[in-house]
Every structure is written in structure tokens, then in C-alpha cells.
Amino acid sequence: MGWVPPGTQTLRGYRRAWLLKDVVAGIVLTTLLVPQGMAYAELAGLPPITGLYTSVLCLLAYAVLGPSRILVLGPDSSLGPMIAGTVLPLVASDGDPERAVALASVLALMVGGIILLAGVARLGFIADLISKPTMIGYMNGLALTILVGQLPKLFGFSTDADGIVAEADAFVRAVADGKTVPAAVTVGLCCVALILLLQRFLPKVPAVLVMVVLAITASVVLDLAGHGVRMVGRLPEGLPPFTLPHVGRDDLGPLFAGALGIALVSLADAISNATAFASRSGQEVRGNDEMIAIGGANIAVGLFQGFPLSTSGSRTAVAERAGAKTQLAGVVGAALILLMLVLLPGLFRNLPQPALAAVVITASLSLADLPATRRLWRQRKAEFWLTIAAFLGVALFGVLPGIGIAVGLSILNVFRRAWWPYSTVLGRVPGLEGYHDVRSHPTAEHLPGLVILRFDAPLFFANAKSFRDEVLRTVRTTTPPPREVLLAAEPMTDVDTTAADILEELDAALQERGVRLVFAELKDPVRRKIERYGLTRTFDPERFHPTVEGAVAVFRAESGAHWAAAHDDGAQ
């Protein structure tokens with residue numbers, strides 16, 4: 001049997017009892033989709049209508065392709081600055097909105113293609129390239145970037161600055177020069193406060209919808225436009241137009257570079273959200289199928305004047321709380337948005353722009369995770385500094401370089417742990433089975449003449465020399481001088497050719513000192529590699545023991561040594 005779209009499978013098993021719940025959830029979801037879609041479009045530097053086009057097409061596409069029953073896709077606050085950082089530098093100096101839309105649509109097609117190909121090739125592990133500490137730092141930096149970038153709109157003016165430092169400086173200068181529109185900042189701050197208060201004390205109330213209704217009412221009653229507050233205005237009437245976007249050849253390189261970063265963040269966000277909601281509903285996470293669906297949704301929106309999208313934890317949570325059972329809830333939401341565009345395109349014409357800024361600002365605050373940052377400081381200082389470095393990368397160099405810095409830091413952290421892994425001497429602790437770290441058990445007993453050493457990493461070209469130096473240092477500093485070094489090799493999951501050569505050099509250096517190197521608990525695949533490298537020329541089979549206990553027993557039988565307590569002089 002050929003491939004069957006997940007939406008078709010859901011439709012075949014659909015229950016009549018779900019229909020009312022999906023319809024209600026779709027109506028509730030629409031109240032969030034519309035204002036957020038417009039706000040995140042402006043965050044990306046695009047006309048508000050493109051946010052609605054994106055919302056409609058991604059909901060319909062995911063309903064057909066998506067494996068999750070309730071996951072909601074759409075414009076995302078974390079992608080907005082990345083889209084703007086990619087598109088706006090390519091837009092002409094006059095800020096042509098049609099060119100910006102075309103660039104954003106091509107960007108969506110590229111992102112969709114990348115994610116789709118990654119899903120077909122089963123490359124879901126790419127999402128793991130960003131570690132949690134670096135993602136926390138990246139999101140904290142992103143939250144600050146969004147906040148600073150939205151302040152001018154909240155205060156009723158605009159700036160031309162680029163970069164968080166320049167934007168902050170331009171904002172302060174504009175405020176000092178008296179460019180603030182009092183009515184705009186009043187509306188904006190009231191909208192922010194209203195959303196935060198409702199989310200804090202009445203979480204079941206649709207805070208954004210309440211704010212939008214009150215903001216439109218205030219705009220009409222108080223004539224805010226007459227007081228200098230800019231409005232969203234009438235949206236274009238009609239259905240999303242099918243469009244094949246055209247851009248210059250010179251634009252493709254910068255767009256593709258941005259698409260790679262956006263695809264990575266979208267992928268990591270999608271997998272984490274899919275995992276979280278699947279675990280709550282008892283569903284199985286199908287990461288590669290999710291990637292195919294999200295890639296397909298991006299391609300769909302790219303053909304209808306949309307921009308790159310991702311999953312939304314907040315919107316999915318709203319759908320879940322509203323009782324959504326299947327993707328029909330998203331289809332209902334898309335249908336209601338289409339009806340609004342056809343029948344009521346002027347519904348949001350009196351919505352103040354500062355209200356949209358308030359939506360984005362409150363969303364940015366949810367991206368920041370200061371408690372997790374503080375927790376990293378208490379738990380592991382090295383990962384805390386990784387978080388700070390990722391934060392500074394975004395704040396000082398921009399969103400797109402920031403994601404590159406975050407990925408680079410994550411990869412470097414992996415290599416750092418492999419380059420300088422933990423190693424320790426083991427001893428016997430009376431009353432405890434096995435052999436234990438003498439750092440954790442300073443009174444552990446030792447056998448004079450034997451050092452039991454554990455190196456907690458695969459042995460490869462980058463750490464082989466540090467391993468050799470650690471062994472030689474331990475031999476030099478142990479009293480009395482050892483006759484044998486027993487390597488507890490169970491954590492050593494690999495040995496490459498460079499490490500094999502260094503092992504041979506180490507063995508020769510130890511033999512000059514009258515010290516024998518033996519192995520215990522070496523895994524069979526690693527043992528076979530050592531044999532293939534030809535190390536058995538110098539390492540005879542008697543040097544390999546199946547267990548540490550067996551190797552210790554052989555040493556005791558040959559030497560007659562007895563267990564002794566640790567001494568103040570550092571004997572092991």
C-alpha cells in the first residue's frame with residue numbers, strides 16, 4: 001500500500017461525538033490566530049494580511065499532512081526576527097512591501113524544502129544540534145531583541161536603526177526628542193498590562209481577544225486616530241492569492257543562509273512541542289513525519305504570499321483546553337479567517353498598531369526563561385556561561401548570527417566534554433561492591449603497586465594525548481611507584497587509529513618505567529578494532545580481562561599485595 005496522508009487516516013476514524021468539540025475549539029482558536037497572525041507578520045517586517053494568509057494555508061496543509069491530532073502551526077514570535085533579519089536587508093531602500101512579501105514567500109519555500117528533505121532523509125536528530133542551555137540563552141536574547149524592536153511602535157513612532165544596541169539608542173533618542181505619541185503609549189501599555197493580568201489571574205479567558213475588542217472600542221469611542229495613533233487599516237478583501245514569487249538570483253544566497261537557521265529553530269521548536277503534547281495525550285511522536293508535514297505546510301504558505309512558520313505551544317494549548325480532538329479544529333479556524341477576509345475585511349481597521357505591539361511584546365516575555373538561567377547557575381556553571389554566551393551572541397550580533405553562534409557553542413560543548421573528559425583513580429570501599437572514585441571516597445583502599453584508572457570517554461584523536469598525559473602523570477605521582485596500570489575501559493566506547501598509535505607509544509613509555517598496562521571490561525567491538533589496528537603485536541591477550549575484579553585478582557596472585565588504606569601522602 002502506498003503512502004496515505006495522516007489527515008485521511010484521521011478522517012476515516014473520525015467520531016461524530018468529536019464534531020462539536022472541534023468546532024468550538026476552532027472558534028476559540030480563531031480569536032487567537034487573527035491578532036497574533038497580524039502581529040507576527042509585522043514583527044517579520046511584512047504586511048499584517050500575510051500573517052492571516054500564512055495561518056490559513058498552514059492550518060489546512062497540516063490538517064492533511066500532520067501526524068499530530070491537535071498540534072497547531074502558524075506564524076511564530078521566535079521566527080519573526082529571523083525572517084526580518086533575512087528579508088529586510090534585501091528589500092529596496094523604499095521598503096517595497098510587494099518585494100518583501102516575495103522574498104518572504106521564497107524563504108518559506110526554501111525552509112519547507114529543507115525541512116521536507118530532512119524528514120524524508122530521517123534527519124530529525126539535526127534538531128539536537130542546539131543544546132538546552134544554548135537554546136535558553138538564544139531565546140532570552142531573542143526576547144530582548146523583540147522587546148527593544150517593538151518599543152518604538154508601542155510609543156507611536158518608528159526608527160531606522162538595525163541591531164539591538166542601535167535600536168535601543170535610537171529609541172531613547174526619539175523619546176528624548178519628544179516623538180512619543182501620548183495616546184499611543186497609553187494604549188500600548190494598557191494593552192500589555194491587560195494581557196499579562198488576564199493571563200496571570202484568569203488564564204481561561206482569551207486575553208488577546210479581550211484586549212483586541214477593548215482596543216478597537218477605545219479607538220472608535222475616543223477617536224485615537226485623531227490623536228496620532230496609527231491603525232491597522234482595512235485588510236485586502238478576498239482569498240489568499242496563488243502566487244509564484246520571483247526574486248533576483250543575487251537574493252538566493254542570503255535567503256538560503258537565512259532559511260537554514262530558520263529551519264533549524266523551527267525544527268527544534270516543532271519536535272519539542274510535538275513531544276510535549278504527545279506525551280500528554282498518549283500519542284506516539286513521529287519526528288520525521290512531523291518534519292514532512294511542517295515542510296509541506298511551509299511550501300503551501302510560500303505559494304500563497306505567506307512566510308515561514310513553526311508550531312505554537314500557546315495556540316496548541318488553547319486548542320487543547322478548548323477540547324479539540326482532531327485537526328478539524330484548525331480547519332474550522334482557517335475557514336473562519338477566510339470568511340472574515342471575504343465578508344468582513346474591515347473588521348480590524350480600527351485596531352491600534354500599539355495593540356499589535358502589545359501582542360508581540362507579551363509573546364516575547366514568554367520566550368525568556370530567567371528561572372532556568374538561574375537554575376543553571378546553581379547546577380552547572382559551565383552551562384550557565386554557555387547560556388550567557390548564546391544570549392550575547394543574539395543581542396550583540398543579531399538573530400541570524402545568533403543562531404549560528406548557538407549551534408556552534410552547542411557543538412563546541414560536545415567536543416569540550418570529549419576533549420577533556422572526566423578521569424579518576426578507583427579504589428575499594430569496604431561495605432560497597434565494586435570499585436569507586438577516590439575523589440568521592442577519599443578513604444578508599446588501594447593495592448600497593450596497582451593503579452586502577454577510569455577514563456570516561458571514547459578514545460579518539462582529540463583526547464588521546466590528554467589520556468596519555470593523564471596516565472603518565474598518575475604514574476609519576478603515585479606512591480609507592482606502581483608496577484601495573486589497570487584501565488577500567490568500560491566507558492571507552494571507541495578507539496580510533498590515532499588513539500591506537502598513542503596507546504602503543506604510551507605502552508612503550510610505561511615499559512621503560514617498568515610499568516605494565518592492562519585492560520578490563522573493554523567492549524568486544526572496541527577489542528576487535530584494536531586487533532584490526534595491529535595492536536595485538538605488543539598487547540598480548542593476557543593483558544585483557546573481562547572484569548576489573550578478575551584483573552585485580554590476577555595482580556594479587558602475582559604480587560601478593562594486600563589492600564591498604566589511603567595515606568596522607570597521597571598513596572593510591
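For segment 363-468, which GluC sites (Glu not before Pro) are in a loop by DSSP, counting at most 16 other Cβ atoms within 10 Å?
Glu433
Points 7 angstrom from Cα along the Cβ direction at Asp469 and Arg321: gap in nanometres?
Rounded to a tenth, the inter-label distance reads 5.5 nm.
Per residue, how large is the accessible surface of segment 345-486? Use a 1.4 angstrom probe and give square angstrom.
Roughly 47 Å² per residue, with all protein chains present.
Identify, among Val185, Val213, Phe171, the residue whose Cα sits farthest towards the positive end of the charge dipole of segment 108-217, taking +1 on the Cβ of Lys and Arg and -1 on the Cβ of Asp and Glu, with the dipole about the Cα centre.
Most positive-ward Cα: Val213.
Separation between the Ala566 and Leu20 pseudo-spin-labels, each 7 Å from Cα along Cα→Cβ, expressed in nm?
7.0
Where Lys and Arg each count +1 and Asp and Glu each count -1, what net charge lies around Leu73 among other residues with Cβ under 12 Å from its Cβ?
Neighbour charge sum, excluding Leu73 itself: -2.
Regarding segment 117-225, what is the average projected area of its C-alpha convex hull, in nm²?
Spelled out: convex hull of the Cα atoms, projected over all directions, averaged, 11.0 nm².
Equivalent-ellipsoid semi-axes (√(5λ), Cα gyration tensor) for segment 213-323, whole Å, largest first?
So the three semi-axes of segment 213-323 are 33, 26, 13 Å.
Whole-Hz ³J(HN,Hα) for each residue in segment 504-518, computed from phi via Karplus 6.51 cos²θ - 1.76 cosθ + 1.60 with θ = phi - 60°, x for glycine and proline: what do you get?
Running phi through 6.51 cos²θ - 1.76 cosθ + 1.60 with θ = phi - 60° gives 5, 5, 4, 4, 5, 5, 5, 5, 4, 8, x, 10, 9, 9, 10 Hz.
Put a dot 7 Å past each Cα toward the Cβ at Leu209 and Leu117; how far apart are the dots in nm?
For Leu117 paired with Leu209, the spin-label model returns 4.2 nm.
For segment 486-536 and segment 303-346, write down the distance between their C-alpha centroids in whole Å.
That distance is 60 Å.
List the lysines whose Cα sits under 24 Å from the Cα of Lys153, skipping any in the same chain fewer than 8 residues away.
Cross-link targets: Lys179.
For the chain, go through all pairs of different Cα atoms, get the mean of 1/r, take its inverse, and jot down that Kirkwood value in Å.
27.2
Give me the net charge for the shell around Gly156: Cβ to Cβ below 11 angstrom, other residues only, Lys and Arg +1, Asp and Glu -1.
Surrounding charge for Gly156 is +3.
When each pair of different Cα atoms in segment 299-382 is counted once in the 1/r mean, what is the Kirkwood radius in angstroms, to one decimal?
Result for segment 299-382 stands at 16.7 Å.
State to the nearest 20 debye the size of the charge dipole of the chain about its Cα centre, where the only charges are +1 on K and R beta carbons and -1 on D and E beta carbons.
In total the dipole reaches around 1440 debye.
Using R₀ = 35 Å, calculate the FRET efficiency as 1/(1 + (r/R₀)^6) where r is the Cβ-Cβ separation of Val175 and Ser366; round to 0.05.
The calculated FRET efficiency here is 0.85.
Give the Debye-formula value of log10 I(q)/I(0) at each listed q (0.17, 0.19 Å⁻¹), with one equal scatterer per alpha carbon of segment 324-428, two decimals each.
At q = 0.17, 0.19 Å⁻¹ the computed log10 ratios are -0.98, -1.05.
How large is the helix-only mean residue ellipticity at 222 nm for the chain, computed as the sum of -39500 (n - 2.57) over DSSP H runs with n ≥ 4, divided by its residue count, in deg cm²/dmol to the nearest 500?
Helix contribution divided over all residues of the chain: -20000 deg cm²/dmol.
Check which residues have an amide H placed less than 5 Å from Lys325's amide H, if you skip close sequence neighbours.
Asp22
Roughly speaking, what is the stretch gain from Glu504 to Arg476, that is 0.36 nm per residue apart minus the C-alpha to C-alpha distance, in nm to one decimal?
Full-extension gain reported as 8.2 nm.
Between Leu459, Ile83, Thr538, whose Cα lies farthest towards the positive end of the dipole of the chain when Lys and Arg beta carbons carry +1 and Asp and Glu beta carbons carry -1, centred on the Cα centre?
Towards the positive end, the residue furthest out is Ile83.
Let me know the Rg and Dmax you get for segment 431-572 when you use only its Cα atoms, in Å.
14.7, 44
The values are calculated or read from the model by the stated rules, or taken from the named source; none is laboratory data. Keep in mind it's a predicted model, so treat the numbers as computed, not measured. Quick reminder, even Gly has a Cβ in these numbers, built from the backbone with ideal geometry, and neighbours come from all protein chains shown. Ligands, DNA and RNA are stripped out before the accessible areas are found, and what is left, the full protein with its side chains, is counted by its heavy atoms. Shrake-Rupley method; radii C 1.70, N 1.55, O 1.52, S 1.80 Å.
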